[in-house]
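Reviewing the structure listed below.
The values are calculated or read from the model by the stated rules, or taken from the named source; none is laboratory data. Computed from a predicted structure; not experimentally measured. Every residue, glycine as well, gets a Cβ built from its backbone with ideal geometry; the counts of neighbours run over all protein chains shown. The accessibility values were calculated without ligands, DNA or RNA, using every heavy atom of the protein model including side chains. Shrake-Rupley method; radii C 1.70, N 1.55, O 1.52, S 1.80 Å.
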Amino acid sequence: MMKKFGLLSVFLVSALTLAACGSDEETDGSSGSGDGGGGETYSVGIDTTYPPFEFEEDGEYKGIDIDLINAIADSQGFEIELNAMDFGGIIPAVQAGQLDIAIAGMSITEERKEVVDFSDPYFEAGPSLVVGADNNDIETLADLEGKTVVVKTGTTGADLARENQEEYGYEITQLEDSPSMFQEVSNGNADALIEDYPVIAYAIAQSGLDLKIVGDRLNGDSYGIAVLKGENDELLEKINAGLQELRDSGEYDEILDKYISE
Ligand code: GLN
């Protein structure tokens, strides 16, 4: 089972004003009218290398995102089918019509808004620079000249590394999932990596990784749930209505507490 995690919980409590909703078994048919309702099944893209948001344990998908999307589906009367894939494949799969919904610790960005519509934000995150636990040479991007930085394909961390590469003169290695990135730095193949703060803080606390976070978060962003742009207004309304119910009732907090608490 997951260990409890006090530090991150302080961060969460201060960063979030979200609360939550009704019981799991409650399925409210009255909210369903039109295309998005009536027990329709939506295929949902997830990145299961991303605890505490999404991970696989004992053959089951678990995490904050998984519980949230299940609770939203329950409250709005639709079914979901989870599809685990590399993060970099998720938006293309939404665009190709293979996924109806993406929930993957996905940051809301202007660039992504050109191809997907996002729900209301549900979590505040932001990427951090991470180095080996014994590394005392690197504290900011400016210390990376001639070094190698690992990022995950298709992420905001990868964008950030590219945007700053010319200024600071480092090499970029791109991998497809988070555990491989962590491995690459802990085994000395790379000097640093960029990962969302809550994810790397959780990974270090959970698995005693030989890594440490340096400096402040490189920027602040928020996670949102994505659907194909311009074609899913009703589904998006349901997702937002479900999120709001979770915020209003207390279920949102319960979900966070289950995975991250003191
Ligand atoms: N939040 C980051 C992004 O949206 C990373 C997401 C992830 O790796 N699952 O790009």
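Overview of values
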| read-out | value |
| --- | --- |
| Qualifying residue in region 238-256 (condition: part of a loop (DSSP other than H, G, I, E, B) and out of contact with any Phe, Trp or Tyr (no Cβ under 8 Å at 6 or more places or on another chain)) | yes |
| Number of the condition not met by G88 [criteria: (1) open to solvent by less than 40 Å² (accessible area, probe 1.4 Å); (2) away from the ligand (no atom under 11 Å from the Cβ)] | (2) |
| F78 being open to solvent by less than 10 Å² (accessible area, probe 1.4 Å), closer than 19 Å to L235 by Cα and among the aromatic types (F, W, Y) | yes |
| Residues located in region 207-227, provided they are open to solvent by 40 Å² or more (accessible area, probe 1.4 Å) and not in a loop (DSSP other than H, G, I, E, B) | S207, K212, I213 |
| Qualifying residue in region 126-133 (condition: open to solvent by 30 Å² or more (accessible area, probe 1.4 Å) and either among the aromatic types (F, W, Y) or in a helix (DSSP H, G or I) (or both)) | no |
| For S249: the one exception among (1) small (G, A, S); (2) out of contact with any Gly (no Cβ under 6 Å at 6 or more places or on another chain); (3) modelled with pLDDT of 95 or more | (2) |
| Test: residue in region 243-254 that is in contact with a helix residue (DSSP H, G or I) (Cβ under 7 Å, 6 or more places away or on another chain), open to solvent by 40 Å² or more (accessible area, probe 1.4 Å), more than 18 Å from A104 (Cβ to Cβ) and more than 16 Å from the ligand (Cβ to nearest atom) | yes |
